[in-house]
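Each value in this text was obtained by applying a stated rule to the coordinates, not by laboratory testing. As the structure is a computational prediction, the values presented were derived from the model and not from experiment. Methodologically, a virtual Cβ is constructed for each residue, glycine included, from the backbone with ideal geometry; neighbour enumeration extends over all protein chains shown.
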Amino acid sequence: MTSATNVERRIFSGIQPTGNLTLGNYLGAIRNWVNLQGEYECIYCLVDLHAITLFQDPAELRRNTREVAAGLMACGIDPKANILFNQSQNQDHAELAWHFNCVARMGWLNRMTQFKEKAGKNRENASTGLFVYPNLMAADILVYKATHVPVGDDQKQHLELARDIAQKFNNDWDKPDFFPIIEPLILGAATRVMSLRDGSKKMSKSDPSDMSRINMTDSEDAIAQKIRKAKTDPDALPSEAEGLEGRAEAQNLVNIYAALRGVTVDAALGEIGGKQFSEFKPMLAEVAVTSLGPIGAEMQRLLQDPAEIDRVLNEGSERARALSQPILREVREIIGFVQG
């Protein structure tokens, strides 16, 4: 593995272990992570410290952490070729986050739209952890001097803040090249997967209706049933993408079909244009079951041995610390802490 302090192509990416992985997680992020293996040095993290900005039942948090780890491996993440671990097992994240709390500015954090959305009208009752969440996210990346981060639309602002923090740290201590200026990794048009019950809402593991999403642990029968019952409209599918405008549910199902097939929406519509949903849904169900069924089966197999999952995460955390500890020691030296 590349040395901790001299790296050109290192990716860090994290996912919260807060419930079932869904088709949205797979198409929006995990499948891209799998494809990045071999091109970059990859660090994949279950960000359980981020998860506790909202209260988590301890037993559920442990169960969800193992389930998401199993899901990543079942989707094709190789924990031997990459680093896979849960964040709380490397305390260097938390220490660097504190240093960044002292570098970042209140005005920067006050501009974070995601905090405003999550806190809602109860801003005064939100945890301080939720407010400084972006500083921890910056620490997650920079404690490994990661150079690239795959980003979706909802994380672009946080990545910009991480760049600002890195630049200010470098400037404050006159170390212009210490932390890298992180580059966003744009992986082409992201597949934004929406609810099967409401095409205007993102598919979410927190939605009360299980029929709104496809879980990666769903059986083949469950996947097919959810697609059969997915909300649609009465019109036939168009032959060109422009014909999907204003048809949120149709757009969502066509997007899923195209993404699972690995083709463009226009190419998919060239095949299915003119069909009624009664014809199209069985085609989509077949593609979904073929793609996702083996992943769900492998997840279930892995979950039968939680001790093995824990072993993988423990090994990953040791490898993560081997990278972060020299960097954090340099940070302490730069700041002026006395070290033994």
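A few notes on this one:
- Across segment 94-101, computed HN-Hα scalar couplings (Karplus, 6.51 cos²θ - 1.76 cosθ + 1.60, θ = phi - 60°) run 5, 5, 5, 4, 5, 4, 6, 4 Hz from first to last residue, x flagging Gly and Pro.
- Charge dipole (Cα centre; +1 on Lys/Arg Cβ, -1 on Asp/Glu Cβ; no other charges) of the chain amounts to roughly 560 debye.
- Hits among aspartates and glutamates - C-alpha to C-alpha of LYS226 under 17 Å, sequence gap 8 or more where chains match: ASP198, ASP207, ASP210, ASP218, GLU249, GLU279, GLU286
- Signed unit charges on C-beta, dipole axis of the chain, positive-most listed residue GLY274, ILE52, ASN125: ASN125
- Angle in degrees between helix 156-172 and the longest Cα principal axis of the chain, rounded to the nearest 10: 10
- Amide H contacts of LEU185: VAL149, VAL151, each under 5 Å away and 5 or more positions distant or on a separate chain (H built 1.01 Å from N in the peptide plane; Pro and chain starts excluded).
- P(r) tail for segment 1-134: Cα pairs beyond 23 Å make up 43% of the total.
- Cubic angstrom per residue, convex hull over Cα atoms of segment 141-262: 157
- Cα shape, segment 210-301, gyration tensor, a/c 1.5 rule: prolate
- Calculated [θ] (222 nm, deg cm²/dmol) that DSSP helices of n ≥ 4 give over the chain, each run adding -39,500 (n - 2.57): -15500 deg cm²/dmol
- One entry in (i) 65, 48, 40; (ii) 70, 43, 39; (iii) 121, 45, 41 is Cα extents along the principal axes in Å calculated from the shown coordinates; its label is (ii).
- Measuring nothing but how far apart in sequence close Cα pairs (under 8 Å, 6+ apart) lie, relative to its length, the chain scores a relative contact order of 24 percent.
- Of all lysines in the structure, those lying under 21 Å Cα to Cα from LYS168, and not within fewer than 8 positions of it along the same chain, are LYS145, LYS156.
- Remark on CYS42: its backbone amide H falls under 5 Å from those of ILE11, ILE83, a criterion applied only to residues 5 or more positions apart or on other chains, H modelled at 1.01 Å from N.
- Under the Karplus curve 6.51 cos²θ - 1.76 cosθ + 1.60, θ = phi - 60°, whole-Hz ³J(HN,Hα) for segment 46-61, x wherever Gly or Pro sits: 8, 8, 6, 5, 5, 4, 7, 5, 10, 4, 10, 5, x, 5, 5, 4
- Segment 210-301: relative contact order as a whole-number percent, Cα under 8 Å and 6+ apart: 41
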